[in-house]
Amino acid sequence: MSLYAVQKLLYNLNRDARVRQRHDDDFEGLLADYDLTDEEREALVEGNIGLLYVMGVNGQLLMHYAALRQYAWDDYIAAMRAGLSRYGPVRHGLYTTTDGQGAV
Amino acid sequence: MALVYAGVCSHAPGITGRAERADPQLREPFYAAMHRMGAEIRAARPDALVVVAAEHFANFFMDNMPAYCMGMADHYEGPIEDPDWLGIAPRRFAGAPALSRRLIEAMMADVDLAYAEEWQFDHGIMVPLHFLLPEGDVPIIPVNINCQGPPLTPPARAYAFGRALRKACDAAPERIALIGTGGISHWPATPDSGKINEAWDREFLDRWLANDRVALTGYTDEETWREAGQGGFEIRTFIAVAGAAEGCVGELYCYEPIPIFAVGCTVARMSLVSM
């Protein structure tokens, strides 16, 4: 269930205040409810936006999650670019980069 | 009574969330066009506003993804995003559940759609309503077309959905306004955010303004993704509005690429007077 489960967790986290509360109060318990790979678990524990982006997490889910984690816009874009530099191209999904040239 | 208004506009979260970072000379004419559309919608005295949007995993996920869904709730709330990030405070909107139900029942004669009695609005609806109906004085009926999690509905089906919506609206005693929100080309939520294919956008808009059904329904996802990015899939919302205004042509109020908003900012209206 790789990628699907991590996206499902972000979906629930983004839209449900009770899941956000559990994220703050019982993070390990929350993670245990999802069939995550070790890499996915590590990325979530670190709040590693760059790695989540490269894994192929849908960009809209990741953008909302980055906002939830209080990333400033430029820092969020920079985190995705850092992920590409460190982990290589996006592995799955639609939200690949093209020329990497955006507004910021 | 009938469909009394039909238009389209952009909905990118930067439009409100990063407002201060845009060049005012580009931003203000776009905001003025949004406010013009809002004034026109209120002048049309609608009993409800149907918002055909492309949401971003606010309510629907790949565990049970409808191609089309219409809200049937008593009320709605939003945004699901961090309000400070989006630049829009939490709001509650009245729904029109009885009208929703009649529209859904009527449309089911022609197309398949899901319904939902719970619905949280994300930027796809919150950003347009921030400009169009800041008073929140018109009941809202949300519609989602899945433009995020493939497989996606083909453009021809989006056009047919719009046709069915028009038929249902025209059979209802209420006055109903319609907007579609989304697209056109953009690469949101990637390092390319801010990239805009203006030539592709203008060609699409020419086709939309002419209500060229054959051209509008000829787009393939492979071409759209390559030329217009992931955000380009949201042309389905514009195409649905064209379907609701079949036989009519449009007028462009604004098209302005504003990179920090991550989209070519668009406001356009269909006449609803058949040619």
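The values are calculated or read from the model by the stated rules, or taken from the named source; none is laboratory data. Everything numeric here is computed off the predicted structure, so don't read it as measured data. Don't worry about glycine lacking a Cβ; one is built from the backbone with ideal geometry, like all the others, and counts go over all protein chains shown. Each accessible area value is taken on the protein alone, full model and side chains, heavy atoms only, with ligands, DNA and RNA left out. Shrake-Rupley method; radii C 1.70, N 1.55, O 1.52, S 1.80 Å.
Quick notes on this one:
- The length gained on full extension between B:E40 and B:A156, counted as 0.36 nm times the residue separation minus their Cα-Cα distance, comes to 38.9 nm.
- Take the accessible area of A alone and of B alone, subtract that of the pair with a 1.4 Å probe, and the total buried over both chains is about 2900 Å².
- For region B:43-181: rounded, prolate or oblate by the Cα gyration tensor [a/c cutoff 1.5]: oblate
- Peptide B:189-202 - average C-beta neighbours from other chains (10 Å radius): 6
- Estimated [θ] at 222 nm from DSSP helical runs (n ≥ 4, -39500 (n - 2.57)) normalised by residues in chain B, nearest 500: -10500 deg cm²/dmol
- Of the whole protein surface, B:D74 contributes about 100 Å² of accessible area at a 1.4 Å probe radius.
- Relative contact order, percent, chain A [alpha-carbon distance under 8 Å, six or more residues apart]: 29 percent
- Compactness of region B:2-270, taken as the C-alpha radius of gyration over 2.2 N^0.38 Å, stands at 0.90.
- The string of couplings for region A:38-53 from the Karplus curve (6.51, -1.76, 1.60, θ = phi - 60°) is 4, 5, 5, 4, 5, 5, 6, 4, 7, x, 7, 4, x, 5, 4, 5 Hz, one whole number per residue in order, with x for Gly and Pro.
- q = 0.13, 0.16, 0.23 Å⁻¹, region A:4-87: log10 I(q)/I(0) [Debye, one scatterer per Cα]: -0.36, -0.56, -1.17
- Volume per residue of the C-alpha convex hull in region B:145-268, rounded to whole Å³: 105 Å³
- Projected area averaged over orientations for region B:114-193, convex hull of C-alpha atoms, nm²: 7.2 nm²
- Taking the protein heavy atoms of chain B in the context of the full set of protein chains, the accessible area attributed to carbon and sulfur is 51 percent at 1.4 Å.
- Calculated accessible area for chain A comes out at 46 Å² per residue, all protein chains present (probe 1.4 Å; ligands, DNA, RNA ignored).
- Centroid-to-centroid, using Cα positions, region B:84-114 and region A:59-103 are 31 Å apart.
- Counting all C-alpha pairs of the protein assembly as shown, share separated by more than 31 Å (%): 31 percent
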